Ligand SMILES: C[S@@+](CC[C@H](N)C(=O)[O-])C[C@H]1O[C@@H](n2cnc3c(N)ncnc32)[C@H](O)[C@@H]1O
């Protein structure tokens, strides 16, 4: 039940009530006060919180309107902010019909990922943003839509201050929001906060300030803070990010502007070198196969022997990045896995192949019956043929800790979808890739092109892996290594590693 302060870390969350589905993590009081201090400038300013939760923003200013979908939270908001107007319902439905306009807005929109943010609510929100000129794909999270529509409801000269997820620094769906705000406000400032605002969430949160509705700006101010401290004004130490440069040179990402200037300049220079290539230009990067039932399809040598499965039905596989040796998967690494009796043999059956009796017997076991019912298996025909089994030239880690693995496949193994399977279309690129690995530029590029996840992990989606930069060897002078390492350290400092 999300009413009243539960005393946990000084702010309220409502986990027991499905906080994740609703994106309902309420904002710590010093953050609320900081955002309000800046946003509300006159006692008769009208304030909007588009997703007011238990009313902690609207309680800070009597002339307020709050919208809240959760019927369990609205009574708390009404109780906490008796002078405010609280509407229960979907913000987008309300926004579509309201004539009200506001001098200021503040709050913390729900961060609901596209998998959960669906149905008529998402359609309505995306359609409303499209009418306003901000085009979002259906893969968008909910929060940028809240901010676009809120911005629209401000009077000329109005302003807004919000908690936003740190993915504003890299997620593709942050870009239409940033474009919209730069087109509709005189000033746009984003404050990156390294220490978590919400210690119990995996999501890092930053702050966003937009001022001067009705104007436009060609620059975004980006400030970096070690930790949040109460402030009446956003921090003054900023990097000025040219919107044109953000758009054209940095793939619409703000995160690279947290780099030391030398590291950012290095990457910009290497990326603009006419002889540099991106991975997608000379390699195919695909994720490995999805078996659908790992325990059934991955066998140990001892199991193979017992089941008498012939070698022709098996394929040695790399199951995850942890199993990868540092440089090369070769026959001695594979021999070791086999000696250690690891589950490293994939049952690889082909369509329309005549199956040996021993395999047919395995397909009749109760374990097989169970595997056949798994979602990925029951949606393919025949269920026991694992598709997309590729033999790549290299394995690239999909999720990495401190170091991204890029390992040559000298033993003709395949890999699961925990890894990228990289196939070189142009083998002559190999020495250049090795030079990029030696210089640290390969890892630096992964840090820039990938994105952070909870627990200190760096994730490289296939699209991001395709962007990895391989400069010509001549561009990789001695000094490059140190600058690249500084860049890697700077970006890793924004991830949260578990204490060793
Ligand atoms: C992150 S909480 C923030 C609440 C409050 N503004 C605060 O900062 O403490 C987001 C709130 O959005 C509400 N919400 C989710 N979808 C909504 C929608 N479509 N319309 C209005 N509120 C919504 C959730 O119920 C939740 O209370």
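The values are calculated or read from the model by the stated rules, or taken from the named source; none is laboratory data. Quick caveat: nothing in here was measured; it's all calculated off a predicted structure. No Cβ is skipped: glycine too gets one built from the backbone with ideal geometry, and neighbour counts run over all protein chains shown.
Below, the figures for the structure above:
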| quantity | calculated |
| --- | --- |
| Index of the failed condition, residue 486 passing every other in (1) in a helix (DSSP H, G or I); (2) under 22 Å from residue 280 (Cβ atoms) | (2) |
| Selection status of residue 117, within 10 Å of the ligand (Cβ to nearest atom) and within 30 Å of residue 42 (Cα to Cα) | no |
| So residue 370, is it under 38 Å from the mean Cα position of the chain (by Cα) and surrounded by 14 or more Cβ atoms within 10 Å (Cβ to Cβ) | no |
| In the stretch 64-89, the residues that are within 9 Å of the ligand (Cβ to nearest atom) and either crowded, with 24+ Cβ neighbours inside 10 Å or touching a residue at least 40 places away in the same chain (Cβ under 8 Å) (or both) | 66, 67, 68, 69, 70, 72, 73, 77 |
| Any pair with Cβ under 6 angstrom, 6 or more apart, that starts in the stretch 192-219 at a residue that is under 19 Å from residue 40 (Cα atoms) and ends at one that is assigned to a loop (DSSP other than H, G, I, E, B) | 209/234 |
| Test: residue in the stretch 428-447 that is more than 16 Å from residue 406 (Cβ to Cβ) and out of contact with any strand residue (DSSP E or B) (no Cβ under 6 Å at 6 or more places or on another chain) | yes |
| Strands (runs of 3 or more DSSP E) enclosed by the stretch 345-415 - at least 2 residues per element that are within 30 Å of residue 436 (Cα to Cα) | 394-397, 406-409 |
| Qualifying residue in the stretch 262-269 (condition: surrounded by 19 or more Cβ atoms within 10 Å (Cβ to Cβ), touching a helix residue (DSSP H, G or I) at 6+ places or on another chain (Cβ under 8 Å) and closer than 26 Å to residue 149 by Cα) | no |
| Test: residue in the stretch 449-456 that is at positive phi and modelled with pLDDT under 95 | yes |
| Evaluation of residue 43 against (1) within 13 Å of the ligand (Cβ to nearest atom); (2) farther than 20 Å from residue 163 by Cβ (one fails), failing number | (1) |
| Of residues in the stretch 21-49 being assigned to a loop (DSSP other than H, G, I, E, B) and within 23 Å of residue 142 (Cβ to Cβ), the one modelled with the lowest pLDDT | 23 |
| Among the candidates 52, 14, residue that is at pLDDT 95 or above and within 10 Å of the ligand (Cβ to nearest atom) | 52 |
| Members of the stretch 322-363 found to be under 14 Å from residue 407 (Cα atoms) and either free of Cβ contacts under 8 Å to residues at least 60 places away in the same chain or touching a helix residue (DSSP H, G or I) at 6+ places or on another chain (Cβ under 8 Å) (or both), listed by number | 322, 323, 325 |
| Matching residues in the stretch 473-484 - criterion: being in contact with a helix residue (DSSP H, G or I) (Cβ under 7 Å, 6 or more places away or on another chain) and farther than 22 Å from residue 258 by Cα | 473, 475, 476 |
| Options 92, 111, 57: the member that is over 18 Å from residue 25 (Cα atoms), in contact (Cβ under 8 Å) with a residue 40 or more places away in the chain and within 8 Å of the ligand (Cβ to nearest atom) | 92 |
| Residue ranges of strands (runs of 3 or more DSSP E) in the stretch 215-300 with at least 2 members modelled with pLDDT under 95 and closer than 30 Å to residue 424 by Cα | 283-287 |
| Counted residues, the stretch 56-82 - those being within 21 Å of residue 34 (Cα to Cα) and part of a loop (DSSP other than H, G, I, E, B) | 6 |
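Per-residue answers, yes or no, for (1) within 16 Å of the ligand (Cβ to nearest atom); (2) in contact with a strand residue (DSSP E or B) (Cβ under 9 Å, 6 or more places away or on another chain); (3) free of Cβ contacts under 8 Å to residues at least 40 places away in the same chain:
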site: 128; (1), (2), (3): yes, no, yes
site: 137; (1), (2), (3): no, no, yes
site: 149; (1), (2), (3): yes, no, no
site: 162; (1), (2), (3): yes, yes, no
site: 166; (1), (2), (3): yes, yes, no
site: 170; (1), (2), (3): no, yes, no
